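J.: My questions all concern the structure below.
The values are calculated or read from the model by the stated rules, or taken from the named source; none is laboratory data. Values in this document were obtained by computation on a predicted structure and should not be read as measured data. Glycine also receives a Cβ, built like all others from the backbone with ideal geometry; neighbour counts cover every protein chain displayed.
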Amino acid sequence: MTQSHPDTSGSRRSARIKSISASFVARVGLMAALALIFSYIEAIIPYNPGIPGIKIGIANVVTLIALYKFGTKDAVAVSVIRIVIAGLLFNGLFGMVYSLAGACVSLIGMILLKKTDRFSVVGVSMAAGVLHNFGQLLVAAALIEDLHIFFYFPVLIFSGIAAGILVGIIATLVLRSLKTV
């Protein structure tokens with residue numbers, strides 16, 4: 001006669017799911033906190049290149065690291081959490097809306113470009129910088145109901161490329177150092 005053993009596979013699977021969820025929450029929480037610190041530092045540094053809306057976006061280093069080290073889900077979660085909290089703390093509702101629009105467009109671009117395996121981290125970051133600016137212009141054009149705002153896009157292309165190069169180089173250096181750990 002066979003002995004009846006309680007089915008522990010279901011409870012093991014449940015524990016594994018909880019473990020994965022807990023590690024995801026912890027990892028994303030730490031990365032979002034780091035990105036939020038970078039957002040705060042950038043908000044308090046008096047940086048005025050004379051062109052409205054231009055920022056380096058140093059918090060995007062963390063989003064790139066999340067994308068390349070952990071995957072799409074982590075990058076999206078880190079980005080959204082950081083933007084919502086930064087919006088509530090520093091940027092206000094309109095800043096949050098602009099940032100979310102830019103992040104949505106740039107995240108889609110980053111994810112698609114990364115999947116091709118044809119672009120370096122710096123290349124993906126450059127595209128993300130330009131796409132972020134484009135997403136913000138889309139929101140601005142919708143809010144003011146004037147497409148003339150897109151005449152400003154060439155300036156934002158150059159600033160997006162420059163910021164993307166800097167952010168991409170920093171992210172590349174951090175990702176290289178994480179491989180040795």
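J.: What pairs can you find where one residue is in region 166-177 and surrounded by fewer than 19 Cβ atoms within 10 Å (Cβ to Cβ), the other is among the aromatic types (Phe, Trp, Tyr) and modelled with pLDDT of 95 or more, and their Cβ atoms are less than 6 Å apart, with a gap of 6+ or different chains?
T.: Leu175/Tyr68
J.: Next question. Out of the residues in region 115-135 that are of a type in the set (Ser, Thr, Tyr) and in contact (Cβ under 8 Å) with a residue 12 or more places away in the chain, state the one that is surrounded by the fewest Cβ atoms within 10 Å (Cβ to Cβ).
T.: Result: Ser120.
J.: Quick check, is Phe134 under 18 Å from the mean Cα position of the chain (by Cα), closer than 19 Å to Thr172 by Cα and of a type outside the set (Ser, Thr, Tyr)?
T.: For Phe134, the condition - under 18 Å from the mean Cα position of the chain (by Cα), closer than 19 Å to Thr172 by Cα and of a type outside the set (Ser, Thr, Tyr) - is not met.
J.: Quick check: is even one residue across region 79-96 of a type in the set (Phe, Trp, Tyr) and in a helix (DSSP H, G or I)?
T.: Yes, that holds for at least one residue.
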